[in-house]
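Here's the structure we're looking at; comments come further down.
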Amino acid sequence: MNNKYKYPNVSIRKSVLRGKCPRCGIGALYRNFIILKDYCDGCKLSNRSIDPGDGASFFVILIVGIFIVGGALLLEVFIRPSYYIHAIIWTPMCFLLPLLILRQLKSALIYREYSIKKDFINSNED
């Protein structure tokens, strides 16, 4: 049986935003917050062949850096608050923004890698 027809196409929204398997869309992709499971609970897809590397961290640094530096500059130019106000605003943002977007970016890279390699991965798991 050809695995191409065994699993439905999973939307990127379901896989990325919910952290689900890119092949079946049922099993959870993560064991902890950003640690991948060894395999999917739904379809038994091995996640060992899918490696997003540090790509998500690189994009998080760029995106968060743009928002933090841009926001701090705009705040300084238009309102000119004291430095402790900047510290109160931007220090929590430096910790919260990466946590909010790291998992989704990592899931997007995993989904993209799976969509490129899916014919190879599915044919090797027969």
> Considering segment 23-46 alone, what residues qualify as being in contact (Cβ under 8 Å) with a residue 24 or more places away in the chain and either of a type in the set (S, T, N, Q) or not in a loop (DSSP other than H, G, I, E, B) (or both)?
Replying inline: Tyr30, Leu36, Ser46
> Restricting the first residue to segment 88-115 and requiring it to be farther than 21 Å from Leu29 by Cβ, which pairs with a second residue that is among the aromatic types (Phe, Trp, Tyr) meet a Cβ separation below 8 Å and a spacing of at least six or different chains?
Replying inline: Met93/Phe67; Leu97/Phe67
> Taking the condition among the aromatic types (Phe, Trp, Tyr) and under 23 Å from Phe120 (Cβ atoms), does Tyr83 pass?
Replying inline: no
>> Looking only at segment 32-57, count every residue that is closer than 13 Å to Arg103 by Cα and either of a type in the set (Phe, Trp, Tyr) or modelled with pLDDT of 85 or more (or both) and tell me the total.
In response: 9
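Residue by residue, here is whether (1) part of a loop (DSSP other than H, G, I, E, B); (2) modelled with pLDDT of 95 or more; (3) of a type in the set (Val, Ile, Thr) holds:
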{"position": "Gly70", "(1), (2), (3)": "no, yes, no"}
{"position": "Leu96", "(1), (2), (3)": "no, yes, no"}
{"position": "Glu113", "(1), (2), (3)": "no, no, no"}
{"position": "Asn122", "(1), (2), (3)": "no, no, no"}
{"position": "Asp126", "(1), (2), (3)": "yes, no, no"}
> Of all residues in segment 43-91 being within 21 Å of Ile110 (Cα to Cα) and of a type in the set (Phe, Trp, Tyr), which is surrounded by the fewest Cβ atoms within 10 Å (Cβ to Cβ)?
Replying inline: Phe58
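The values are calculated or read from the model by the stated rules, or taken from the named source; none is laboratory data. Source: prediction; values computed, not measured. Quick reminder, even Gly has a Cβ in these numbers, built from the backbone with ideal geometry, and neighbours come from all protein chains shown.
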